[in-house]
Amino acid sequence: MKKTDSRRSFIKKAALGTTVLASSPAILSSKDVQKELLKRDVKKINKNDHIQIAVIGAGGMGVADSKTALSVPGVKMVAACDLYDGHIAAAKEMWGKDIFTTRDYMEVLNRKDIDAVIIGTPDHWHKQISIDALRMGKGVYCEKPMVHDITEGPDVIAAQKASGKTFQVGSQGVSSLGNEKAKELFEAGAIGQFIYAEGFWARNSPVGAWQYPIPGDASPKTVDWDRYISNTTKRPWDPLRFFRWRNYRDYGTGVSGDLFVHLFSSLHFITSSIGPDKIVATGGLRYWKDGREVPDVLLGMFDYPETKSHPAFNLSLRVNFVDGTSGTTYLRMVGSEGAMDVTWDDVYLRKNLVSDPIDPFLAEKTKNTDKVFSERKKMQPPKEAHYSAEEGYKGAHYDHFTNFFNGVRNGTQVTEDAVFGYRAAAPALLCNDSYFNNEIIVWDASSMQLK
Ligand SMILES: NC(=O)c1ccc[n+]([C@@H]2O[C@H](COP(=O)([O-])OP(=O)(O)OC[C@H]3O[C@@H](n4cnc5c(N)ncnc54)[C@H](O)[C@@H]3O)[C@@H](O)[C@H]2O)c1
């Protein structure tokens, strides 16, 4: 998206958001937010108290997040907000008929008995609900991508700073044993000079390609459609746009916002990178011609400039929803001395053989030493090492919620805060802008601005 287009759509969305969403207070400046917070009696969580949570958007991931959150000791569910009656009913069944339920998320945020919220709504609601929740003094676990449009990040960052509350984005891989081990190996120089990385996500099923079932009772009675579209384009009731929202640009962020963002998050965590400065994407709608507005094959290329934590390197990412690869995912990091395949539970480290002694380039470089041409054989490192999580590992998702609740309870800093979340979301969102506008995008990852 061009800067001007982007800005225009932002202003339009912001205007719609404030006029139509009557229950949300008007957007305040950071200073006002701080003043308002100081006035409010925000509940302190004592050591032995439960952290009381609510879920806003109790669909697939909101429920999965809530279940994981509740498996962390000392956490209690007190409220659920959703726009579909079927999901409200399911929430009551799961967490008890006494939990508070509503279609209006401000009714959740206004409650003093709630310390933190999980935001599991479609992407177009992430920004506003996050800002409102932070303003009301809640800890926030917001699903990825942090925002729906490149223009939306700075307001969330400002709201987090002003609130002083814990805000964590939901790319759980960042808290995993696998990513931690990869970071340790990377920093110890296990792959030598870092040259490039590649990531891949493939799916080969209708549900994998977002063809979700539509509930039999879906209707404007059971779904609060007006509220759903209150911050975006007005359209008549359309169950596909509600239950298969990922296919439409008003609500979702395409395969890059859905999946690339996880790969950016892990890569940035492992390399301590702040992001690329050049973004190009291409692809197409090859197979799922079901009315969707976004490609089902997407290839992204990214240039990362040199920083203190890594040399300049290239990244290539692809998502394929058409099959041919039987549903796989990986993140591979390649250096001058080897490569690492990284998942949330495993790291495969493959080392190159020692350099070929007749390599003329190396011979020239080392002509004043006799080391390379020495007759004596050398000790070789293992060609391959496989690090895997110990049996019984509760997984990335559990670790991510543990980190979040440590933040909420003790004020511990989380890795995937608003700045990190925006720097991971930005190149994913800019892939869409590159693809749809057919342009190369130049991004300043340090100041987090388009150039
Ligand atoms: N971290 C991960 O691995 C992961 C996996 C899947 C989804 N996600 C993210 O989770 C979010 C939800 O995805 P999903 O697959 O669960 O979608 P979903 O359609 O299953 O659930 C979304 C829910 O939000 C509700 N909703 C919509 N607008 C709302 C609003 N304004 N207020 C309250 N509720 C509202 C809907 O009724 C629905 O129940 C997305 O941002 C997605 O990217 C993350």
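The values are calculated or read from the model by the stated rules, or taken from the named source; none is laboratory data. As the structure is a prediction and not an experimental result, all values here were calculated from the model. Cβ: placed from backbone, ideal geometry, glycine included. Neighbour counts: every protein chain shown.
Of all the listed residues (Thr151, Thr166), the sole one being at pLDDT 95 or above, under 30 Å from Ala281 (Cα atoms) and away from the ligand (no atom under 16 Å from the Cβ) is Thr151.
For Gln128, are the conditions met, namely being within 13 Å of the ligand (Cβ to nearest atom) and either touching a His at 6+ places or on another chain (Cβ under 6 Å) or polar (S, T, N, Q) (or both)?
yes
Looking only at residues in segment 202-211 that are of a type in the set (A, V, I, L, M) and assigned to a loop (DSSP other than H, G, I, E, B), the one that is nearest to the ligand (Cβ to nearest atom) is Val207. Does Thr415 satisfy the condition of being at pLDDT 95 or above, at negative phi, in a loop (DSSP other than H, G, I, E, B) and among the β-branched types (Val, Ile, Thr)? Judged against the criteria, Thr415 is a match.
Listed here are the strands (runs of 3 or more DSSP E) enclosed by segment 268-337 that have at least 3 residues being touching a Gly at 6+ places or on another chain (Cβ under 8 Å) and touching a residue at least 60 places away in the same chain (Cβ under 8 Å): 278-284, 313-320, 329-335. Considering segment 61-87, the residues that are free of Cβ contacts under 8 Å to residues at least 40 places away in the same chain and either near the ligand (Cβ under 9 Å from one of its atoms) or crowded, with 20+ Cβ neighbours inside 10 Å (or both) include one that is nearest to Ile214 (Cα to Cα), namely His87.
Restricting attention to segment 109-125 and to residues that are among the aliphatic types (A, V, I, L, M) and under 18 Å from Gln172 (Cα atoms), the residue that is nearest to the ligand (Cβ to nearest atom) turns out to be Ile119.
The helices (runs of 4 or more DSSP H) located wholly in segment 67-163 that include 3 or more residues which are within 21 Å of Gly254 (Cα to Cα) occupy 126-135. Within segment 393-419, being of a type in the set (Phe, Trp, Tyr) and surrounded by 22 or more Cβ atoms within 10 Å (Cβ to Cβ) holds for Phe401, Phe404, Phe405. Just one residue in the set Ile214, Ile274 is away from the ligand (no atom under 16 Å from the Cβ) and of a type in the set (Val, Ile, Thr); that residue is Ile274. Would you check if there is a residue in segment 280-291 being within 11 Å of the ligand (Cβ to nearest atom) and within 30 Å of Ala90 (Cα to Cα)? Within segment 280-291, none of the residues are within 11 Å of the ligand (Cβ to nearest atom) and within 30 Å of Ala90 (Cα to Cα). Applying the set (1) within 15 Å of the ligand (Cβ to nearest atom); (2) among the hydroxyl-bearing types (Ser, Thr, Tyr); (3) touching a strand residue (DSSP E or B) at 6+ places or on another chain (Cβ under 7 Å) to Ser171 leaves exactly one unmet item: (3).
Among what's in segment 420-451 and is more than 16 Å from Thr151 (Cβ to Cβ) and under 12 Å from the mean Cα position of the chain (by Cα), pick the residue that is surrounded by the fewest Cβ atoms within 10 Å (Cβ to Cβ). Filtering first and then ranking leaves Phe420. Taking segment 223-253 as the region of interest, how many residues are in a loop (DSSP other than H, G, I, E, B), more than 23 Å from the chain's Cα centre (by Cα) and more than 10 Å from the ligand (Cβ to nearest atom)? Selection size over segment 223-253: 6.
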